[in-house]
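Chemist: Mind looking over this structure? Questions follow.
Values quoted throughout were computed directly from the atomic coordinates according to the rules given, and no laboratory measurement underlies them. In this text, all values refer to a predicted model and were calculated from it rather than measured experimentally. Methodologically, a virtual Cβ is constructed for each residue, glycine included, from the backbone with ideal geometry; neighbour enumeration extends over all protein chains shown.
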Amino acid sequence: MFSNTLKQILNPKHTLVQLADEMPWHEFDLHYQHLYSETGMPGKPIRLMVGLIILKQLKNLSDEEVVKQWVQNPYFQYFCGESEFRWNAPCVLYNNFIISSPKFGNELNIKQLD
């Protein structure tokens, strides 16, 4: 069965598509890669975690709500780096707290990476 990628089916003029295509994702990777360990359970991709924090702030959502909307919204998924639509949550909430983890901070300052 052939399936289309999110890039092929989403409106290229949608704000989140344009923002995702202009974001300096590689700079986030460089900035946060030292927080990841080579041992133990692999961490979630940096783009996913940073993307969820950005979406949470842009849309004024709780941790739980941003994860719920990510499952339902292909634009959220594309913004966070997915190439195909996913039906499962991108991460597990522990006591409704994961997006604002100390690893990435409660607030993300994009200008900090300039």
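Chemist: Within 10 Å, Cβ to Cβ, of R47, how many net charges do the neighbouring residues add up to if Lys/Arg are +1 and Asp/Glu are -1?
Modeler: -1
Chemist: Using θ = phi - 60° and the Karplus form 6.51 cos²θ - 1.76 cosθ + 1.60, what ³J(HN,Hα) does each residue of the stretch 54-64 get, whole Hz, x for Gly and Pro?
Modeler: Going residue by residue, I get 4, 4, 4, 6, 4, 9, 6, 10, 7, 4, 4 Hz, with x marking Gly and Pro.
Chemist: Related question: Hey, fewest Cβ within 10 Å first, where do W70, W87 land in order?
Modeler: Listing W70, W87 from fewest to most nearby Cβ atoms yields W87, W70.
Chemist: Right, next: Taking the beta-carbon count within 10 Å as an exposure proxy, list C91, C80 from fewest neighbours to most.
Modeler: So the ranking, lowest neighbour count to highest, is C91, C80.
Chemist: Then there's this: Provide the per-residue ³J(HN,Hα) series for the stretch 19-28, in order, calculated from phi with Karplus coefficients 6.51, -1.76, 1.60 and θ = phi - 60°, each as a whole number of Hz, with x at glycine and proline positions.
Modeler: Those phi angles translate into 5, 4, 6, 9, 5, x, 4, 4, 5, 5 Hz.
Chemist: Using Cβ contacts closer than 10 Å as the measure, can you line up D29, D63 from fewest to most? Please list the in-between numbers first.
Modeler: On the way: D29 14, D63 20.
Fewest to most other Cβ atoms nearby, the residues stand as D29, D63.
Chemist: Continuing with the same structure: Residue separation times 0.36 nm, minus the C-alpha to C-alpha distance between Q8 and N60: what's the value?
Modeler: Length difference between fully extended and current span is 15.9 nm.
Chemist: When averaged across all projection directions, what area in nm² does the alpha-carbon convex hull of the stretch 17-98 cover? Working shown, then result.
Modeler: Working: hull surface 23.2 nm².
Hull-based average projected area comes out at 5.8 nm².
Chemist: Check each of the trypsin sites (Lys or Arg not before Pro) in the stretch 1-72 and keep only those in coil by DSSP with at most 14 other C-beta atoms within 10 angstrom; list them in order.
Modeler: K13
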